[in-house]
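Visitor: Before I ask anything, here is the structure I am working with.
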Amino acid sequence: MAVDVTAAMAGSFLGGLPEELTGRLLASGRRIDYPAGSTLYREGAAPQAVLVVRGLLRVYMSSPEGRQVTVRYARISDVLGIAVLVGGPANVGVQTLADCTLLRIDAGLLTAAARTDSRVAWALAEELSRRLYENLRQTAVNAFGTVRQRVAAHLLDLASTQQSPQGELVAHVSQQELADAVGSVREVVARVLREFRQAGLVATAADNVHILDPTGLHDQTWDPE
């Protein structure tokens, strides 16, 4: 197995599973590359689990009117799909925000091991607990985050729904519209965008924001203002 896959596995909760099981998961896994803008999972689809080897993805929910809200971001060494392996299909979608490399995990192998080995079952329970707390934190950012956090999160959300066929992330929004969306004033949003631009995260024009580094911008959703 490639070095990057092995490293991602070691950095994930899967790396703490019994060595024999980890080896079998690596041997049976299937490496897949996805371009930015790909949809990996749609509401109600059959359960599957993947290990993120490279890239950035978002898990989102959609309203009947088509509005979307991100409930989780996933990056290197994160595992997607554990909840659906346990609880069945979920009403969420999964989309790549950058070019991604994933390892498709043998779901049957992992769930069978969990049913017979308490160490594996406990590891899955711990992972589900971490994901719950991460989702709660993302909800708090969406609702109560600083202006910096809310601007970063809103730009990623907005750009992901407008992603070009080439995978480019561009949020078609003016500074005033962005300020209105995050509950701030244009001057404060302009300052935040200037800081993002100086850090090489975005490029700005009068009516759009081109996201140059989606992973770096995502990091801003967790930083204090």
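The values are calculated or read from the model by the stated rules, or taken from the named source; none is laboratory data. Keep in mind that this is a model prediction, so the values were computed, not measured. Each accessible area value is taken on the protein alone, full model and side chains, heavy atoms only, with ligands, DNA and RNA left out. Shrake-Rupley method; radii C 1.70, N 1.55, O 1.52, S 1.80 Å.
Visitor: Pop out the carbon and sulfur fraction of the accessible area of the range 1-121 as a percent, whole number, probe 1.4 Å.
Guide: Carbon with sulfur: 52 percent of the solvent-accessible area.
Visitor: Under the rule a/c < 1.5 gives rounded, and otherwise a/b versus b/c splits prolate from oblate, where does the range 1-93 land using the Cα gyration tensor?
Guide: Prolate is the answer for the range 1-93, as a/c is 1.5 or above and a/b outweighs b/c.
Visitor: Long-range amide H contacts for Ala45: which residues qualify at under 5 Å (H placed 1.01 Å from N, peptide plane, sequence gap of 5 or more or a different chain)?
Guide: Ala90
Visitor: Going out from 0 in 5 Å bins, what whole percent of all Cα-Cα distances in the chain drops into each bin?
Guide: Result, from short to long distances: 1, 7, 14, 18, 18, 15, 11, 8, 5, 2, 1, 0 percent.
Visitor: Once amide H atoms are placed 1.01 Å from N in the peptide plane, what residues at a sequence separation of 5 or more from Ser184, or on another chain, have their amide H within under 5 Å of its amide H?
Guide: For Ser184, whose amide H was placed from the backbone, there are no distant partners under 5 Å.
Visitor: Skip the ligands, DNA and RNA, and give the accessible area per residue of the chain with a 1.4 Å probe, whole Å².
Guide: Heavy-atom accessible area per residue stands at 49 Å².
Visitor: Going by the alpha-carbon gyration tensor, a ≥ b ≥ c the square roots of its eigenvalues, is the range 52-91 rounded (a/c under 1.5) or, if a/c is not under 1.5, prolate (a/b greater than b/c) versus oblate?
Guide: Note, shape of the range 52-91 comes out oblate.
Visitor: Moving to a separate point now. Can you tell me how the range 102-172 classifies by the Cα gyration tensor, rounded, prolate or oblate, using a/c under 1.5 as the rounded cut?
Guide: The shape class here is oblate.
Visitor: Express the relative contact order of the chain as a whole percentage, based on alpha carbon pairs under 8 Å and six or more residues apart in sequence.
Guide: Answer for the chain is 20 percent.
Visitor: So what is the calculated 222 nm ellipticity per residue for the chain, using -39500 (n - 2.57) for each DSSP H run with n of 4 or more, over all residues, to the nearest 500 deg cm²/dmol?
Guide: Calculated from helices alone, the mean residue ellipticity at 222 nm is -14500 deg cm²/dmol.
Visitor: Using amide H atoms built in the peptide plane, which far-off residues or other-chain residues are under 5 Å from Asp78 H to H?
Guide: For Asp78, the qualifying residues are Val52.
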